[in-house]
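Working notes, beginning with the structure itself.
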Amino acid sequence: MCLAVPGKIVELRDDGGVPMARVDFGGVSRDACMAYLPDAKPGEYVLVHVGFAISSVDEEEALRTLADLAELDEISGLE
Amino acid sequence: MTDFTLSCPLPVAERKTVVLGHGSGGKLTAQLIRDLFLPAFDNPLLGRLDDQAVLEAGSARIAFTTDSFVVTPLFFPGGDIGKLAVHGTVNDIAMSGAMPLALSAAFILEEGFSMEELGRVVASMAEAARAAGVPIATGDTKVVPQGAADKMFITTSGVGLVPENIHISASNARPGDRILLSGTIGDHGMAVMAKREGLEFDGAIESDTAPLHRLVAAMTAAGEIHALRDPTRGGLAATLVEIAAVARIGVEAVAGAIPVREPVRAACELLGLDPLFVANEGKLVAFVAAADAGRVLEAMRSMPEGREAAIIGEAVEAHPGMVLLKTEVGGTRVVDLPFHEQLPRIC
Amino acid sequence: MKYVDEFRNHALAQKLFAEIGRRATRPWVIMEVCGGQTHSIVKYGLDQLLPPGIELAHGPGCPVCVTSLELIDRAHALARRPEVIFCSFGDMLRVPGSEGDLFGIRAQGGDVRVVYSPLDCLKLARENPNRRVVFFAIGFETTAPANAMSVWQARAQGIRNYSILVSHVTVPPAMIAILESPANRVQAFLGAGHVCAVMGYEEYEPLAARYQVPIVVTGFEPLDLLEGILAAVRQLEQGRHEVENSYARVVSRGGNPEARRMIFRVFEPCDRAWRGIGVIAGSGYRLREEFHDFDAARLFDLDAIVSTEPETCISGLVLQGARRPHECPEFGTRCTPETPLGATMVSAEGACAAYYNYGRHLRP
């Protein structure tokens, strides 16, 4: 379950009291409700599930994870 | 008559009524063809199950095809039903290696359908036919009461002449062939879905509808082509599975080699869809003699319809009828026909 | 696509496979809870490249599969009513009830609409004041904040013709049910990453301690899953049983407090029947008393609809990870996505459907 995709906030707006954002996903953009991430700003990446931003994506953590992986040895010790 | 057997034991699903899945190009469509149409019409021409029939008339070979267009919405980013109809039939003829000679167009119109919209579709068809250099030589018009059709259905048929030295058919694909794809997949289906489901993709996604007969001519001049098919309904997956089944060969493709435009990929990710199963209207898949693959690829890339052509896999002797895909991380998965059209998911 | 493509990197995946191979000295059974994770594993063929001793058991994390037959029949009854506009996520459209599915109901004239977001339903309700809009509110905790917001906003905007049919399920009680089962073989869990994005992972700490199982919060891309598996293997080899966060770019220990606040403003926990498993205490959400005007189960007369499940499939065992789909005698023959016998084949996220769609009946 829980198909959620990361996208970049392009623009914030208010839709009759409901905070919304235009979010760009690799070239296609869709609206997302920002009620659960009230402090998010344009330019930041958020995770969107069923039209709602439920979490920010932490760039530093992402890079750190990838860097840690790169340090692993390629060859398995099992032969 | 060649039997259209798929590689898995299909359960006997007895249905009392036609369902949408029967038209989606997947397993249900295949079942209907295999269990109803083939036995009833029973002839060797039909049994080959290519996109077109090739008839012998004296020393000439005539390619003959027909197709119906029921797409909604009628207008979508990059095209409309009329353009689709012209290109679709031109392409089915082209997939036999033949040069299309002429098209017919039969219209079924719903009472109350807007004359202005009809005019726009017809103008678009005329332009597409002109640009392709293939005349719409004959036609028919019927009107049905409101509700008996969804605005407009178009059926087009086409004829062409197959050059003497060309023998292209799904059954000609053989182990060792390289599999070439003329460009990006998923564009048409996502453009239509975007319009239909009311999703806004900000103009980033457009149908790829295009006539491919000139591309095919360039390819047949460059090397030995064994099989050609355009991956429409059911997508690239359906095409590979069908050819593998008819030719009784295995197919091994590489996910990383299949070009997909980023906005199309993003749209698929958002809706939980797989681009492999999404319809295309301006692309073709070719099974090419291994020795000629490089030259044919170059010829494709020199044409506007083939700029992003790529070699995506090869035909093998192993696992006949089965299509294997090497995934981005090195695992393998089997690609099979789905039963129904994909639906957006949240899970 | 940023934050997606990098986590599908071939070279990094090979490093992870190698490291898992180095670390695993014994066989281990690891369960991924979430259907989306199962889907990803089978789609990328991840399990094929793991060392032979590492067994991935597929968990019951498919809210579509586990929705009870009775609730589906009630949904279908609503969809058949002429005054109702029945809205649903696409996943539910082909799930068969006792008689047909939503697709079939639409073909017979029912007004069934696929929505992407629950807020789309509010728009429909405003535009169709003479119709009653009902939304099939399924999902785990991940989807609950969105579903809750639709009810919250409906009340705030004075919308009177909107209601939801609730079928929410929660993860921790399901994990407990699996761990409590005498036949349980699961030794570690890959936690559902997006559920934890909302709920945090604090509530899993007592579970890890009590049942002595590592719980690694894991994402959905191939590298995320492999990292989760590696972390679980490391803990198992070292005899540790902690909650570990392997999806830190999205998940924090406290989750999303705003989202959780809204869930519990609108919903409260209740018992829930899981298709193929039975009733799991406290494993569902229902609307709070003050929102009963938005509860389709109360507004419409649905109590008369009572359904019982056929006994012919082993999906209960599959959902608990005790069997894999291809170990079922009906898999791929009598039981297919077209003719599903049980819960795990009915939904595209179910383990059996995932296995079938990626061809495991042709080549295990």
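Results, tabulated for the structure shown:
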{"read-out": "Unmet criterion (only one of (1) in a strand (DSSP E or B); (2) within 24 Å of the chain's Cα centre (by Cα)) for B:ASP140", "value": "(2)"}
{"read-out": "Matching residues, region C:231-251, being within 9 Å of chain A (Cβ to nearest Cβ) and under 19 Å from C:GLY21 (Cα atoms)", "value": "C:SER246"}
{"read-out": "Exclusive hit being over 15 Å from the mean Cα position of the chain (by Cα), within 14 Å of chain A (Cβ to nearest Cβ) and not acidic (Asp, Glu), set C:LEU190, C:LEU226", "value": "C:LEU226"}
{"read-out": "Any hit, region C:132-143, residues being over 22 Å from the mean Cα position of the chain (by Cα) and either in contact (Cβ under 8 Å) with a residue 40 or more places away in the chain or crowded, with 24+ Cβ neighbours inside 10 Å (or both)", "value": "yes"}
{"read-out": "Index of the failed condition, C:ALA13 passing every other in (1) surrounded by fewer than 24 Cβ atoms within 10 Å (Cβ to Cβ); (2) touching a residue at least 12 places away in the same chain (Cβ under 8 Å)", "value": "(1)"}
{"read-out": "Residues of region A:1-46 satisfying the condition of being facing another protein chain (nearest Cβ under 9 Å), in contact (Cβ under 8 Å) with a residue 40 or more places away in the chain and over 23 Å from B:ARG261 (Cβ atoms)", "value": "A:CYS2"}
{"read-out": "Unmet criterion (only one of (1) of a type in the set (A, V, I, L, M, F, W, C); (2) under 16 Å from B:THR155 (Cβ atoms); (3) touching a Pro at 6+ places or on another chain (Cβ under 9 Å)) for B:ALA105", "value": "(3)"}
{"read-out": "Strands (runs of 3 or more DSSP E) (entirely within region B:166-285) containing at least 3 residues that are surrounded by fewer than 22 Cβ atoms within 10 Å (Cβ to Cβ), within 14 Å of another protein chain (Cβ to nearest Cβ) and more than 17 Å from the chain's Cα centre (by Cα)", "value": "B:250-254"}
{"read-out": "Subset tally (residues that are assigned to a loop (DSSP other than H, G, I, E, B) and surrounded by fewer than 23 Cβ atoms within 10 Å (Cβ to Cβ)) for region B:291-326", "value": "9"}
{"read-out": "Matching residues, region C:243-287, being assigned to a strand (DSSP E or B) and free of Cβ contacts under 8 Å to residues at least 60 places away in the same chain", "value": "C:VAL243, C:GLU244, C:ASN245, C:GLU268, C:CYS270, C:ASP271, C:GLY278, C:VAL279"}
{"read-out": "Selection from region C:288-310 of residues that are closer than 21 Å to C:VAL84 by Cβ and without any contact (Cβ under 8 Å) to a residue 60 or more places away in the chain", "value": "C:HIS292, C:ARG298, C:ASP301, C:ASP303, C:ALA304"}
{"read-out": "Enumeration of residues in region C:47-82 that are aliphatic (A, V, I, L, M) and closer than 22 Å to B:ILE346 by Cα", "value": "C:VAL64, C:VAL66, C:LEU69, C:LEU71, C:ILE72, C:ALA75, C:LEU78, C:ALA79"}
{"read-out": "Scope region B:33-78; condition among the polar types (S, T, N, Q) and at pLDDT below 85; matching residues", "value": "B:THR72"}
{"read-out": "Among (1) aliphatic (A, V, I, L, M); (2) within 12 Å of chain A (Cβ to nearest Cβ); (3) crowded, with 23+ Cβ neighbours inside 10 Å - the single one C:ILE215 does not satisfy", "value": "(2)"}
{"read-out": "Residues of region C:142-171 satisfying the condition of being assigned to a strand (DSSP E or B) and among the aliphatic types (A, V, I, L, M)", "value": "C:ILE164, C:LEU165, C:VAL166, C:VAL169"}
{"read-out": "C:GLY109, sole failed condition from (1) crowded, with 22+ Cβ neighbours inside 10 Å; (2) over 25 Å from A:ASP31 (Cα atoms); (3) not aliphatic (A, V, I, L, M)", "value": "(1)"}
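Okay, residues lined up against (1) assigned to a loop (DSSP other than H, G, I, E, B); (2) under 30 Å from C:LEU102 (Cα atoms); (3) over 16 Å from the mean Cα position of the chain (by Cα):
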| site | (1), (2), (3) |
| --- | --- |
| B:GLY25 | yes, yes, no |
| B:PHE37 | no, yes, yes |
| B:ASP51 | yes, no, no |
| B:GLU56 | no, no, yes |
| B:ALA63 | no, no, yes |
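The values are calculated or read from the model by the stated rules, or taken from the named source; none is laboratory data. Everything numeric here is computed off the predicted structure, so don't read it as measured data. Because the Cβ atoms are built from the backbone with ideal geometry, glycine has one as well, and the counts that use them run over all protein chains shown.
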